[in-house]
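See below for the structure under consideration.
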Number of protein chains: 2
Amino acid sequence: MITNRNCIIRLSRYKNALYRLRDLGFVKVFSDNLADAIGVTASQVRKDFSLFGITGNRKGGYEIASLLEKLGGILGKDRVERVIIVGAGHLAYALMHYRGFEKEGIKIEAAFDIDPLKFAKNAQIPVLPIEEMKDFVVSNNVKVGVLAVPEIGAQRAADTMFAAGIKGILNFAPLRLKAPNDCTINNVNLEIELENLVYFVNILGKKGEDKI
Amino acid sequence: MITNRNCIIRLSRYKNALYRLRDLGFVKVFSDNLADAIGVTASQVRKDFSLFGITGNRKGGYEIASLLEKLGGILGKDRVERVIIVGAGHLAYALMHYRGFEKEGIKIEAAFDIDPLKFAKNAQIPVLPIEEMKDFVVSNNVKVGVLAVPEIGAQRAADTMFAAGIKGILNFAPLRLKAPNDCTINNVNLEIELENLVYFVNILGKKGEDKI
DNA sequence: ACTTTATTGTGATTTAATTCACAACAAGTT
DNA sequence: AACTTGTTGTGAATTAAATCACAATAAAGT
């Protein structure tokens with residue numbers, strides 16, 4: 001069981017690069033093409049594939065269609081992933097309007113908030129009272145949610161999500177969430193991202209280029 | 001020169017935890033308090049500090065005020081960091097309204113777009129034509145920018161930023177930007193973040209807990 | 001003043017991730 | 001059919017990151 005986050009992120013990047021190559025009409029690809037595309041070494045590509053038992057043809061490289069299928073399977077893209085957003089603020093609005101999840105099989109199903117002014121039961125992506133979250137999550141079998149509320153209410157909102165059956169949270173609130181043992185938290189902290197960027201800009205050069 | 005991104009991110013987290021402790025009235029802190037606060041080992045905390053020549057008192061731990069000052073210096077928080085946003089869409093709007101950068105000394109100075117409908121020269125954070133970016137960047141000595149345009153225009157927009165003198169980009173477009181050698185790119189790819197989350201939810205447990 | 005206790009600071013060790021390097025081999029060439 | 005070429009697949013080596021473990025030592029207690 002591979003638990004190296006960077007490795008999994010590379011798989012996503014390979015997949016994205018492969019989509020492009022395919023759309024350009026390519027059928028086969030070599031490890032060094034993929035390596036160039038995402039900025040790693042060819043060894044790294046082959047090792048990553050090897051870790052997941054993905055093989056190509058010696059000499060012939062890899063068949064793109066087959067690779068995409070295998071990567072899709074590993075990353076759980078063989079079905080549509082239903083996602084909710086908790087907190088219907090500006091960020092939620094941006095995510096709901098982002099056309100880019102769809103092609104990745106990610107479907108934002110609904111947003112939830114405590115503010116009645118935000119409710120929009122009949123919108124394309126409905127905004128519902130947070131009390132309705134549990135029913136919604138259970139009946140739609142949602143496992144993953146985005147947490148986009150202010151820091152002050154974040155832990156409470158997360159707890160509500162866990163209680164509803166959510167197993168993974170993409171957390172935009174700038175704090176460390178406490179979570180049950182079988183749940184996963186991925187944090188996106190924009191202050192920290194910018195701060196990090198400033199550090200690497202300051203120490204000059206691109207030594208700190210996105211290490212992922 | 002430390003170029004371990006995770007290490008730098010930890011410094012930011014220590015800093016955030018320290019702000020809280022300070023606001024709670026604490027004056028001193030031990031490595032294991034900080035470790036608990038951000039979810040790493042006490043050794044890791046001390047090693048990180050040691051790497052940057054930060055020392056405390058044997059027995060007495062670290063003085064919070066002094067630690068904050070040193071971390072601030074390392075992370076470039078001893079002055080306000082001026083930042084621009086390129087692309088005035090929903091995400092830019094969310095970032096411009098986010099009250100959370102301010103306390104970190106991050107100031108969003110302006111946004112730029114090609115669409116005249118978006119222009120708002122006199123808004124609190126002005127939205128200006130992209131042609132004005134270079135002048136703005138030069139005269140305000142901006143070094144860091146957020147790239148929040150659709151994938152299709154992202155590389156061109158980035159090139160404009162580099163030409164204007166931007167040295168670091170926080171890139172939300174889902175592609176690998178080509179950048180000059182002395183420039184840093186940090187990517188935030190929400191499709192990939194969600195895909196990654198789905199992977200770790202699927203392999204169950206929280207093995208993949210945010211590795212940063 | 002001496003002893004105990006608690007904590008740092010860091011060299012040594014371990015673990016994890018990446019890169020190297022090359023045998024295996026498929027496809028094409030003579 | 002033998003030879004050449006180019007690419008994979010992976011064990012071995014290397015590099016990087018994290019953890020361990022303990023001497024050094026400051027503060028508190030006796």
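The values are calculated or read from the model by the stated rules, or taken from the named source; none is laboratory data. Worth saying up front: this structure is predicted, and the values here are computed from it rather than measured. Reconstructed Cβ throughout: ideal geometry from the backbone, glycine too, with neighbour counts over all protein chains shown. Note: areas computed on protein heavy atoms with side chains; ligands, DNA, RNA excluded. Shrake-Rupley method; radii C 1.70, N 1.55, O 1.52, S 1.80 Å.
Run through the other copies and list how far each one's label point is from that of residue A:131, in nm with one decimal, shortest first; the point sits 7 Å from Cα along Cα-Cβ.
Nearest first, the other copies' label points are 5.6 nm away.
Count the DSSP beta bridges whose two residues both fall in chain B, then state the antiparallel fraction as a percent rounded to the nearest 5.
15 percent
Whole-Hz Karplus ³J(HN,Hα) for the stretch A:44-50, in order, using 6.51 cos²θ - 1.76 cosθ + 1.60 and θ = phi - 60°, x for Gly and Pro?
Taking θ as phi minus 60°, the curve returns 4, 4, 5, 4, 4, 5, 4 Hz for the stretch A:44-50.
Give me the distance between the Cα centres of the stretch B:50-64 and the stretch A:151-204, rounded to whole Å.
Centre-to-centre (Cα) distance: 28 Å.
Would you mind classifying the stretch B:52-113 by shape? Square roots of the alpha carbon gyration tensor eigenvalues, ordered a ≥ b ≥ c; an a/c under 1.5 is rounded, otherwise it is prolate if a/b is larger than b/c and oblate if not. Could the numbers behind the result be given before it?
Working: a/c = 4.40, a/b = 3.24, b/c = 1.36.
Prolate is the answer for the stretch B:52-113, as a/c is 1.5 or above and a/b outweighs b/c.
How shielded is B:163-175 by partner chains, expressed as the average number of their Cβ atoms within 10 Å of its Cβ atoms?
3
Give the percent of DSSP beta bridges with both residues in the stretch A:81-192 that are antiparallel, rounded to the nearest 5.
DSSP beta bridges in the stretch A:81-192 are roughly 5 percent antiparallel.
At a probe of 1.4 Å, how much accessible area disappears from chains B and A on forming the pair, both sides counted, to the nearest 100 Å²?
Counting both chains, the buried surface is close to 7000 Å².
Return P(r) of the stretch A:1-40 (all Cα-Cα pairs; 5 Å bins starting at 0; whole %; ordered from short to long distances).
Each 5 Å bin holds this share of Cα pairs: 6, 23, 30, 21, 12, 6, 2.
Any of A:178/B:143; A:143/B:70; B:15/B:107; A:107/B:134; B:15/B:121 with alpha carbons more than 30 Å apart? Name them for me. Mind dumping the intermediate values first?
Working: A:178/B:143 36 Å; A:143/B:70 41 Å; B:15/B:107 19 Å; A:107/B:134 38 Å; B:15/B:121 36 Å.
Over 30 Å Cα-Cα: A:178/B:143; A:143/B:70; A:107/B:134; B:15/B:121.
Compute the length gained on full extension between residue B:141 and residue B:42: take 0.36 nm times their separation in residues and subtract their Cα-Cα distance, giving the result in nm to one decimal. Please report the intermediate quantities before stating the final value.
Values: separation 99, 0.36 × 99 = 35.64 nm, distance 3.91 nm.
Extra length from residue B:141 to residue B:42 when fully extended: 31.7 nm.
Show me the three semi-axes of the equivalent ellipsoid for the protein assembly as shown, from the C-alpha gyration tensor (sqrt of 5 times each eigenvalue), largest first, rounded to whole Å.
31, 27, 26
For residue B:69, place a label point 7 Å out from Cα along the Cα→Cβ vector, do the same in each other copy, and report the separations in nm, one decimal, smallest first.
Those separations, rounded to one decimal, come out as 6.5 nm.
Three principal axis extents, largest first, for the C-alpha atoms of the stretch A:3-84, in Å?
Extents along the principal axes, in whole Å: 43, 29, 22.
Mind listing which trypsin sites (Lys or Arg not before Pro) in the stretch B:40-117 are in a DSSP loop and have 15 or fewer other Cβ atoms within 10 Å?
Taking the stretch B:40-117 and a limit of 15 other Cβ atoms within 10 Å, the loop trypsin sites (Lys or Arg not before Pro) found are B:58, B:59, B:79, B:99.
Kindly identify the stretch A:81-192 as rounded, prolate or oblate by the Cα gyration tensor criterion: order the square roots of the eigenvalues as a ≥ b ≥ c, call it rounded if a/c is under 1.5, otherwise compare a/b with b/c, prolate if a/b is larger, else oblate.
Here the stretch A:81-192 falls in the rounded category.
What is the mean number of Cβ atoms from other protein chains located within 10 Å of the Cβ atom of each residue in peptide A:141-150, rounded to a whole number?
What the average comes to for A:141-150 is 2.
Take the Cβ-Cβ distance between residue A:26 and residue B:57 as r, set R0 to 45 Å, and report the resulting FRET efficiency rounded to the nearest 0.05.
FRET efficiency, residue A:26 to residue B:57: 0.15.
Probe radius 1.4 Å, ligands and nucleic acids left out: which of A:197, A:204 has the largest accessible area, and how do the rest follow?
Heavy-atom accessible area, descending, gives A:204, A:197.
Of the heavy-atom accessible surface of chain A (probe 1.4 angstrom), what whole percent is carbon and sulfur?
That share works out to 53 percent.
Rolling a 1.4 angstrom probe over the protein heavy atoms, how many square angstrom per residue are accessible across chain B?
Heavy-atom accessible area per residue stands at 47 Å².
If the viscosity is 1.306 mPa s and the temperature 10 °C, what Stokes-Einstein diffusion coefficient in µm²/s follows for the stretch A:1-145 when Rh is the Kirkwood radius over Cα pairs?
Estimated via Stokes-Einstein, D reaches 91 µm²/s.
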